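Only one structure is covered here, and it is reproduced in the block below.
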4 protein chains.
Amino acid sequence: MPSAPARKYRVGILGATGAVGQAFVRLLAGHPWFEITALAASERSAGKPYAEAARWIGDDRIPERVAAMPVLACDPAAVDAELVFSALDASAAGEVEPAFARAGRIVLSNAKSYRMDPDVPLLMPEVNPQHLDVLPTQRERRQWTGAIVTNANCASIPAAMVLAPLHARFGVRRFFMATMQAVSGAGYPGVPSLDILGNVIPYIKDEEPKIEIEVNKMLGHVSHGAIRPAPFAVSAHANRVPVEHGHTVCLSVEFEKPAGATEVLAELREWRGAEEARGLPTAPERPLVVRDEPDRPQPRRDAMEGEGMAVVVGRVRADPVFHVKLVAMAHNIVRGAAGASVLNAELMAARGLLDRP
Amino acid sequence: MPSAPARKYRVGILGATGAVGQAFVRLLAGHPWFEITALAASERSAGKPYAEAARWIGDDRIPERVAAMPVLACDPAAVDAELVFSALDASAAGEVEPAFARAGRIVLSNAKSYRMDPDVPLLMPEVNPQHLDVLPTQRERRQWTGAIVTNANCASIPAAMVLAPLHARFGVRRFFMATMQAVSGAGYPGVPSLDILGNVIPYIKDEEPKIEIEVNKMLGHVSHGAIRPAPFAVSAHANRVPVEHGHTVCLSVEFEKPAGATEVLAELREWRGAEEARGLPTAPERPLVVRDEPDRPQPRRDAMEGEGMAVVVGRVRADPVFHVKLVAMAHNIVRGAAGASVLNAELMAARGLLDRP
Amino acid sequence: MPSAPARKYRVGILGATGAVGQAFVRLLAGHPWFEITALAASERSAGKPYAEAARWIGDDRIPERVAAMPVLACDPAAVDAELVFSALDASAAGEVEPAFARAGRIVLSNAKSYRMDPDVPLLMPEVNPQHLDVLPTQRERRQWTGAIVTNANCASIPAAMVLAPLHARFGVRRFFMATMQAVSGAGYPGVPSLDILGNVIPYIKDEEPKIEIEVNKMLGHVSHGAIRPAPFAVSAHANRVPVEHGHTVCLSVEFEKPAGATEVLAELREWRGAEEARGLPTAPERPLVVRDEPDRPQPRRDAMEGEGMAVVVGRVRADPVFHVKLVAMAHNIVRGAAGASVLNAELMAARGLLDRP
Amino acid sequence: MPSAPARKYRVGILGATGAVGQAFVRLLAGHPWFEITALAASERSAGKPYAEAARWIGDDRIPERVAAMPVLACDPAAVDAELVFSALDASAAGEVEPAFARAGRIVLSNAKSYRMDPDVPLLMPEVNPQHLDVLPTQRERRQWTGAIVTNANCASIPAAMVLAPLHARFGVRRFFMATMQAVSGAGYPGVPSLDILGNVIPYIKDEEPKIEIEVNKMLGHVSHGAIRPAPFAVSAHANRVPVEHGHTVCLSVEFEKPAGATEVLAELREWRGAEEARGLPTAPERPLVVRDEPDRPQPRRDAMEGEGMAVVVGRVRADPVFHVKLVAMAHNIVRGAAGASVLNAELMAARGLLDRP
């Protein structure tokens, strides 16, 4: 069980007004280790009080203290914070995030811009905490006093979580994955209702290529200061469905070492994730929750499992083509985005990586 | 182009009050070759006028002539018709359909009860019209003067249609398939709104095992009076989504003879289906309609293509695990059920199989 | 602030397997004053463990202790409980509820069967706690040692709550009300998805006549052992919309004493409900929550306000025909059904009405 | 029955790329009296081929001839057309529409900018064709050689249609109206799915004030070159619901001359609208279609009645506060916007108002 840090860290949120930015506000407002000291967003919002700049889309209210905070520009000089959580789009993140890292800040990023760089962790505390070992290389190579640590695309995360114990035990050779992704994954305003009411859109721009490389990196290993992706092949089909929150993924998996549904299910039931991640404030009691009912997981009913941080898995069964088929589901905004970044920061805090030498 | 039969055939509908039964009424009410002479349903409905027994769920109205017809029992003695279209559940179909076949009627069935019997065609006129050649064996073996001809499960049909030309040309070795199925596939009242609003149910009872054998049979060949299924392996994931009509299927396909997206796309564009099926009254102008937009097919926008009888296909692209990935979609009630049976009957009429020797 | 009773009361749930029955289980499982000692339902369920008999439809799990309890018949002899919460349909409630009252049990009913009887309270603790004063008359007249206390239809409740302070202050003369009601109001399986996906059904069987008399009774007064309904006229339009939980009602109200939006808003903001109801375990901090945003309340975002027990009101504005227009919304299963009954029982406990003389 | 004009009129569409603009393209592409000669839209689209500039949102395809047409600027000098159909927002319409009228073009407008001017018809051919009599005043006063003729807000139209015969016969004194409006009424991209999936938004910006004056004007009379609104009072509640097309309105109506449900229903059944409008190409066979089922009209099932041009009415019943309650529904994009303008133009053609003296 990690011990709490000696003091609260001062944290900022970049892209604070959007759907993921709002989730950061929600998760950080009462956080035991972090204190929101800065909210930043695009030029359009800068200067306004947060409550006015953000169109709050939850079923709760903006935390009172945050509501009145002014929105700042995404500029390291303006943002008073030791670490920043970034919900920026790749278009903005490409320049803004390194500027913060250069200025000595730890950046916890949701953008794809640096995710696949070998010296940038694509971190999941339960799965690959050792990937943080590339940070010295990152700093040296890039001449940063800060750092960038990323988390994966919201659809890659449930796949990586459910495959982590299976890869460790049986070796994943290849898998097929079809997603059914919630509209909140596209942010706000995001998907027009005219496009998705009573409909399925079998396409999400740039999504499949991400899925087809990110899981490999998350399940890879560190060697000589670089993350080497696991070498399995991935076939992804990404679909948008009229669901508010929760990405559902159907997987058919082939292993190096043949394994049937019974062994796989036993492995999933038993797995608790990396020791280091247990007890972190945002870590769910169990990273994987197995449901035995034939028709679970379901996004509307299971997305909030483990306060949105658990991956729910079910329907583990034999696959006529590969070895097993199963269904996994996770809350795309919590486990798949803001919560993932917060958990990453907690792991770094527990490791002492947020305190300068 | 098939010539119209010399006379109209007298047709009945079994299970006429349900969702598929209503689709039969809609498709047959003004049919050039068939005339509805009998409507039959469960005991509960028998005796009532059709308009009272059926809770009509379309956006049109019950054809006037049909509205007043009395609902009969599903008994060959009561049903005055040469051929019957059956929308019965497997539970009822198991006994009722053979009773009609024994009584000399041609039964066009949507039930799974006899679908997989080697002497029963699982017919798709564009794909396997030659499967009708098993009918003499069926009659002889079963001592029927009528016959049973079936069509496949509503999710198997789009897969079989899109794979038909590819199997012929490249040989399908195995494929993955994830479905996103409309609620009308579960009939009426079917899926409770409390289960599916804003949700995905990653399970449809008994659906995956059907898909994993039916496509093989549809793409099989006839030998010694029996249909021999094509030997490829199939991995199916069946999901229910909040869509009214139209089943979407994501496929990843491996061929015997390697083929890339370009060749596959060319094949799909060119294919017109079996010569024999063209010009049948219910046959769409093209059985496969290729859409080039990156985000099609979509059920709400494409389900009525070809008056609901076309399979719409798109997103043909290279697959990192197998050879190609693609998305297909078809109207589950029209192409996937009632329309399929009607087209089957038309093929039989054109072949002269509806006229007794 | 009411003091806790000296002991826990033994409570049963009638109709425990349906949507409202499940809500009772959820609300009572950890209740400080009540302990579930019996679950009863229809013949079909009786004898099975609850977890098997009930198709649990929430996003939580059946409380462990309850899951294993056997489902009993709705018979006072079988049900060991001092008070029973009834989620029975009117068809069953008509006979079952008086049988329990006759057998000395307090029945907290959601059914319409006895709601409008002048000696039966249609109770809302914040609005009309004094209606409990008719109980002696009820017992005497009916020769019951127990009693029946009812709560209103789920659509009447938000109207009654928002009108309570306005009626007290300005006198309601008449009002229009159009509802947009969630599908959970129809129970489970309830509304077929084929009927409501992307649709509105401008009709709910028997709903408008209930609304047009129940609000009057709730805002009425007790005289000579009978509840005399308030004499205003009500015009109700009931609609079903594709929303999971939360009934939204639009009201246009005419008062005896003219009042504008400002005064009405001030009244709504200030009102805290009857003193007696405050601090009851299930009572929300505020029975009415006023939202100032122009587009609130919204069911998906506001239904869980006050843990589902608050009525949320907004858009108070001048009405060109009557005096003011406004929108109110409440969770139909919690505030509008199970939670209402539980709160009623708590009021009775606080008054000492659950302890026999 | 109006006779066809001697020639086809050359027509342009302003705001051709949006949801209503697309509906104009759909309705005009094969129109017997009109020929699309120009498509205009905002600067951003100008210069592109229509198929590229417009994100086509229907379940059909862009008419081939139109797909290749270049999009022009909204400038009378660029737009070669005798009459223009305007789907412009009020922000653009305020300046663009008079510029066209000044340049001698007939403008058929959907914008609110000039709707309420006494010399501008708010035209419904079945209801107030005589309102065209103000055009000479309009031209003289404004020094226009062209003209502006408008149609009402999409929610006002079903109300005006159903009240037209009732006002003529019984005199409307006041009414209450609650709408449930489809998302397409907000255009494309319009309502974000995150706001409306499984939700109701009880607010549409600026909508209620429009409804509360437009019906009056539509049912008003012409006197001294100006339209005098009917003097009844209107209370409107506007709501957005997760429906694709079709605005449903609940009405409670008080008449000058008391009338009950039976008389009102008889009047609605009998009414055929103004003689002049009958037989126009876009006029539905019946402007009002009465449904007798207790649960109709429903938007998903009834919006396309009369090819989207009929108003469907049902649930006519006694009202406890006023005289009658009823429900009306119309396709907001067809009857409520583009189709209304096209029908208006047809009426003008039939009257010879499109041919210059």
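Quick notes on this structure:
For every residue, the table says whether it meets (1) over 30 Å from B:Ile211 (Cα atoms); (2) touching a strand residue (DSSP E or B) at 6+ places or on another chain (Cβ under 8 Å).
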{"site": "A:Gly306", "(1), (2)": "yes, yes"}
{"site": "A:Val313", "(1), (2)": "no, yes"}
{"site": "A:Pro320", "(1), (2)": "no, yes"}
{"site": "A:Gly336", "(1), (2)": "yes, yes"}
{"site": "A:Ser341", "(1), (2)": "yes, yes"}
{"site": "A:Arg351", "(1), (2)": "yes, no"}
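- Residues that are assigned to a loop (DSSP other than H, G, I, E, B) and surrounded by 17 or more Cβ atoms within 10 Å (Cβ to Cβ) within the stretch A:282-295 comprise A:Thr282, A:Ala283, A:Pro284, A:Arg286, A:Pro287, A:Arg291, A:Asp295, listed in sequence order.
- None of B:Glu307, B:Glu256 is assigned by TED's automatic domain parsing to the domain that holds B:Glu208, touching a residue at least 24 places away in the same chain (Cβ under 8 Å) and more than 17 Å from B:Ser341 (Cα to Cα) except B:Glu256.
- Test result for A:Val84, part of a loop (DSSP other than H, G, I, E, B) and within 21 Å of A:Pro281 (Cβ to Cβ): no
- Taking the stretch B:255-313 as the range and being within 19 Å of A:Pro202 (Cβ to Cβ), touching an Asp or Glu at 6+ places or on another chain (Cβ under 7 Å) and of a type in the set (Val, Ile, Thr) as the test, the residues that pass are B:Val289, B:Val312.
- Exclusive hit being at the interface with chain C (Cβ under 8 Å from one of its Cβ atoms) and either surrounded by fewer than 21 Cβ atoms within 10 Å (Cβ to Cβ) or modelled with pLDDT of 95 or more (or both), set D:Val249, D:Val241: D:Val241
- Considering only residues in the stretch C:316-336 that are over 12 Å from C:Ile157 (Cα atoms), among the hydrophobic types (A, V, I, L, M, F, W, C) and in contact with a Cys (Cβ under 9 Å, 6 or more places away or on another chain), the one that is nearest to the other protein chains (Cβ to nearest Cβ) turns out to be C:Val327.
- Filtered by the rule that a residue be exposed (fewer than 15 other Cβ atoms within 10 Å of the Cβ) and assigned to a loop (DSSP other than H, G, I, E, B), the stretch D:9-54 gives D:Gly30, D:Pro32, D:Glu43, D:Arg44, D:Gly47, D:Lys48.
- Failed item, numbered, when C:Gly12 is tested on (1) over 16 Å from C:Ala345 (Cβ atoms); (2) more than 14 Å from every other protein chain (Cβ to nearest Cβ): (1)
- Residue in the stretch D:337-352 that is within 14 Å of chain C (Cβ to nearest Cβ), out of contact with any helix residue (DSSP H, G or I) (no Cβ under 8 Å at 6 or more places or on another chain) and not in a strand (DSSP E or B) present: no
One line per residue, one yes/no per condition, for (1) part of a helix (DSSP H, G or I); (2) within 20 Å of the chain's Cα centre (by Cα):
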position: B:Val66; (1), (2): yes, no
position: B:Ala78; (1), (2): no, no
position: B:Ala101; (1), (2): yes, yes
position: B:Gly104; (1), (2): no, no
position: B:Ser113; (1), (2): no, yes
position: B:Asp117; (1), (2): no, yes
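- Just one of the listed residues (D:Glu212, D:Glu140, D:Glu208) is touching a residue at least 12 places away in the same chain (Cβ under 8 Å), of a type in the set (Asp, Glu) and more than 14 Å from D:Arg115 (Cβ to Cβ), and it is D:Glu208.
- Filtered residues of the stretch B:152-166 (kept if touching a Pro at 6+ places or on another chain (Cβ under 8 Å) and among the hydroxyl-bearing types (Ser, Thr, Tyr)): none
- Among the residues of this structure, D:Arg169 does not count as one that is out of contact with any helix residue (DSSP H, G or I) (no Cβ under 8 Å at 6 or more places or on another chain), assigned by TED's automatic domain parsing to the domain that holds D:Ala261 and not polar (S, T, N, Q).
- Candidate set from the stretch C:214-237 (those that are within 9 Å of another protein chain (Cβ to nearest Cβ) and among the small types (Gly, Ala, Ser)); member that is nearest to D:Gln181 (Cα to Cα): C:Ala236
- When A:Arg315, A:Arg278, A:Arg300, A:Arg269 are checked against the criterion of being in contact (Cβ under 8 Å) with a residue 60 or more places away in the chain and either assigned by TED's automatic domain parsing to the domain that holds A:Glu35 or not small (Gly, Ala, Ser) (or both), A:Arg278 stands alone in meeting it.
- A:Ser156 being surrounded by 24 or more Cβ atoms within 10 Å (Cβ to Cβ), touching a Lys or Arg at 6+ places or on another chain (Cβ under 9 Å) and of a type in the set (Gly, Ala, Ser): yes
- Candidate set: the stretch A:75-111, residues that are among the charged types (D, E, K, R) and modelled with pLDDT of 95 or more; chosen: the one surrounded by the most Cβ atoms within 10 Å (Cβ to Cβ): A:Glu97
- Number of positions in the stretch A:32-47 that are of a type in the set (Ser, Thr, Tyr) and either more than 15 Å from A:Ala345 (Cβ to Cβ) or in the same structural domain as A:Ala283 (by TED's automatic domain parsing) (or both): 2
- In the stretch D:156-179, the count of residues that are within 14 Å of the chain's Cα centre (by Cα) and among the hydroxyl-bearing types (Ser, Thr, Tyr) is one or more.
- Residue in the stretch A:301-315 that is closer than 22 Å to A:Cys154 by Cβ, surrounded by fewer than 21 Cβ atoms within 10 Å (Cβ to Cβ) and touching a Phe, Trp or Tyr at 6+ places or on another chain (Cβ under 8 Å) present: no
- The single condition among (1) among the small types (Gly, Ala, Ser); (2) touching a Pro at 6+ places or on another chain (Cβ under 7 Å); (3) within 14 Å of chain D (Cβ to nearest Cβ); (4) surrounded by fewer than 19 Cβ atoms within 10 Å (Cβ to Cβ) that C:Ala261 does not satisfy is (2).
- Residue count, the stretch C:179-213 (criterion: in a helix (DSSP H, G or I) and either hydrophobic (A, V, I, L, M, F, W, C) or more than 14 Å from chain B (Cβ to nearest Cβ) (or both)): 11
The values are calculated or read from the model by the stated rules, or taken from the named source; none is laboratory data. Since we're looking at a predicted model, the values are computed, not measured. Cβ: placed from backbone, ideal geometry, glycine included. Neighbour counts: every protein chain shown.
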